Amino acid sequence: MNIKSVSIAAILLGLVGMSGANAWTYNIGDTTLKLTGYGTSGVFQTDEESTDFVGDWRVRAQISHDINSNHSFGVVYAIDATAIDDDKFMREAFAYYQLRDYGRMEIGFTDSIARKLGVGLPDVGGLRINDRPLFHKLITPDGAVISDTTLTTGRSALRMNIASASNNGVQYGMSFAGLTDDYDFAVDAGLKIRRPSGKLKSAFSFGASFMDNPDGFSTDVYSPSVTADWRAQLTAGMNFQYNSWLWGTTARVIYDENPIGPISDGLVVGTGVSYDVLKYSVSLTYMLSDTGIWNADVDNYVDNMVIGSFRYKYSEFVDGWISLGASSKTPFLSAGLRITF
């Protein structure tokens, strides 16, 4: 992590440590300002001679206005460590309009609806395994790795998301993106089905995407940019919760038509389980990435990752975590402190 990112993380940790959660929500009539985020600071060690700093953070601001009980609109701006790593000044920036009984429309720079309606893998550590995992920044793989299991077509193109309201636990939506040098256009679709009642709670998600003419497009720092005629993606996931147990499994498939240069498509699958008791949480997570599976002219690159994590919640806003894991070749130990607001 560069010095700029370390400095910002340290500042955010200090600010959050001096503030209460209620101080970040302000209501002025029918207008609400809400500020949320987190900061993580820790260490990452792969052998006795190398100890690296782990820093992660995100700040998200939202201003919303209720026209009446059914209509509202607002704007959202967010910045995080991922954006700074990519030399960008935002993670997302968009405006939205919401009709309570029907759904929501977003226009701006943000994730596609397929990613927003996706489900992730259980994890209580601080290495961000569901969003460009931090361990791949510190353990450089020997080949291309698809870093997480939820579908993405980036956040750097002007996008319109249309999502339905949840009806009997079912929510769906579409995304349309363009006006970027990375591709001509992208269309995404997502579906989420939740069953939150009863002893056994469940969630299922499905996503699909088509991207026309990707040209130097990349969302993962661990895979080469893709240039191809088109890219298609599919993703599916499910979570089951019984009392304090949570089990999840997800998968993502990427196919590039007539790619030029290094191969970066393939599949990634993952599964994990977590358990919560009082102030303690534990989890075990496994992911497998296999690139080059569609092209007989290149060798597959397979990367395995397993992580066991432990978290202790000191208070409502402060907790500490320890993760022990291994990639295909490198075992590691990581620990840190996380503050949320």
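Every number here is computed from the coordinates shown, using simple stated rules; none is lab data. On a predicted model such as this, the values are computed, not experimentally measured, just so you know. Positions of Cβ are backbone-derived with ideal geometry, glycine not excepted, and every protein chain shown enters the neighbour counts.
Between residue 181 and residue 68, what is 0.36 nm times their sequence separation minus the Cα-Cα distance? Round to one decimal in nm. Don't skip to the end; give the middle numbers.
On the way: separation 113, 0.36 × 113 = 40.68 nm, distance 3.98 nm.
Separation in residues times 0.36 nm, less the Cα-Cα distance, equals 36.7 nm.
Provide the net charge surrounding residue 302, with neighbours chosen by a C-beta distance below 12 Å and charges set as Lys +1, Arg +1, Asp -1, Glu -1. Write down the numbers at each step before the final one.
Details: positive: 329; negative: 142, 290, 299, 303.
Combined, the nearby Lys, Arg, Asp and Glu give -3.
If I model a spin label at residue 102 and residue 299 as a point 7 Å from the Cα along the Cα→Cβ vector, what separation in nanometres do I get?
5.7 nm
For the chain, treating each Cα as an identical point scatterer without solvent, what Debye log10 I(q)/I(0) comes out at q = 0.08, 0.10, 0.15 1/Å?
-0.40, -0.64, -1.55
Give me the dipole magnitude in Debye, nearest 20, for the chain about the Cα centre, with unit charges on the beta carbon: positive for Lys and Arg, negative for Asp and Glu.
Working: 27 positive and 37 negative charges, 350 e Å.
The dipole of the chain has a size of about 1680 debye.
Mind giving me the nanometre distance, one decimal, between the label points for residue 60 and residue 318, set 7 Å out from Cα along Cα→Cβ?
Label at residue 60, label at residue 318, 2.5 nm between them.
Compute the length gained on full extension between residue 35 and residue 247: take 0.36 nm times their separation in residues and subtract their Cα-Cα distance, giving the result in nm to one decimal. Working shown, then result.
Numbers: separation 212, 0.36 × 212 = 76.32 nm, distance 3.06 nm.
Stretched fully, the residue 35-residue 247 segment lengthens by 73.3 nm.
Using only the Cα atoms of segment 190-327, each taken as one equal point scatterer with no solvent, compute I(q) by the Debye sum, divide by I(0), and report log10 of the ratio at q = 0.12, 0.13, 0.15 Å⁻¹.
-0.65, -0.74, -0.90
Once you have the Cα-Cα distance between residue 75 and residue 88, take 0.36 nm times their residue separation minus that, and quote the gain in nm to one decimal. Write out the running numbers ahead of the final one.
Details: separation 13, 0.36 × 13 = 4.68 nm, distance 1.89 nm.
Stretched out fully, the residue 75 to residue 88 stretch lengthens by 2.8 nm.
By the scheme Lys and Arg +1, Asp and Glu -1, what is the net charge of all other residues having a beta-carbon under 9 Å from that of residue 225? Please report the intermediate quantities before stating the final value.
On the way: positive: none; negative: 182, 215.
Taking every other residue near residue 225 into account, the sum is -2.
Taking a spot 7 Å from the Cα of residue 282 along the direction of its beta carbon, which residues of segment 231-268 have an amide N less than 14 Å from it?
The answer is 245-246, whose backbone nitrogens lie closer than 14 Å to the label point.
If exposed means no more than 14 neighbouring beta carbons inside 10 Å and the site is in a DSSP loop, what's the longest run of the chain without any exposed trypsin sites (Lys or Arg not before Pro)? Provide the component values of the computation, followed by the final result.
Numbers: sites that count: 88, 100, 199, 279, 329.
It runs 101-198.
For each pair in 192/329; 199/329; 88/279; 116/279; 116/313, compute the distance between the two Cα atoms and list the pairs where it is over 31 Å. Walk me through the numbers before you get to the answer.
Values: 192/329 36 Å; 199/329 40 Å; 88/279 37 Å; 116/279 28 Å; 116/313 27 Å.
Exceeds cut-off: 192/329; 199/329; 88/279.
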